[in-house]
1. Can you find a residue that is in contact (Cβ under 8 Å) with a residue 24 or more places away in the chain, surrounded by fewer than 10 Cβ atoms within 10 Å (Cβ to Cβ) and charged (D, E, K, R) anywhere in the range 5-14?
2. Could you list all residues from the range 12-58 that are assigned to a strand (DSSP E or B) and small (Gly, Ala, Ser)?
3. Considering only the range 31-63, how many residues are over 10 Å from the mean Cα position of the chain (by Cα), at pLDDT 95 or above, under 22 Å from Gln11 (Cα atoms) and surrounded by 11 or more Cβ atoms within 10 Å (Cβ to Cβ)?
4. For Phe70, all conditions in the list (1) touching a residue at least 24 places away in the same chain (Cβ under 8 Å); (2) of a type outside the set (Val, Ile, Thr); (3) part of a strand (DSSP E or B) hold save one; what is the number of the exception?
Amino acid sequence: MREFRRYRRKQIAELRPYEPGEDLSGVSISAADKEDGSPKAGDMIARNPKNHADKWLVSEQYFADNFEPFCASDWTGH
């Protein structure tokens, strides 16, 4: 098996907060996140900007570690 490599994302992500009790039909949730108690308050729902039907849960901690608000004035288009 090949080793993992690091990659930087090139796109802007689209996410919104998970609302406890909402219907998550059509939202993928990893087994690891389920084992950690997700979905739960603080988690986020991400969607593919090119296919809005493609959605997945992002845990609160992963979101905090890897995302920050987007400011259009900072975008260089790369």
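1. yes
2. Passing the criteria: Ser28, Ala46, Ala53.
3. Qualifying residue count, the range 31-63: 2.
4. (3)
The values are calculated or read from the model by the stated rules, or taken from the named source; none is laboratory data. Given the structure is predicted, the values throughout are model-derived calculations rather than measurements. Every residue, glycine among them, receives a Cβ derived from its backbone with ideal geometry; neighbour counts consider all protein chains shown.
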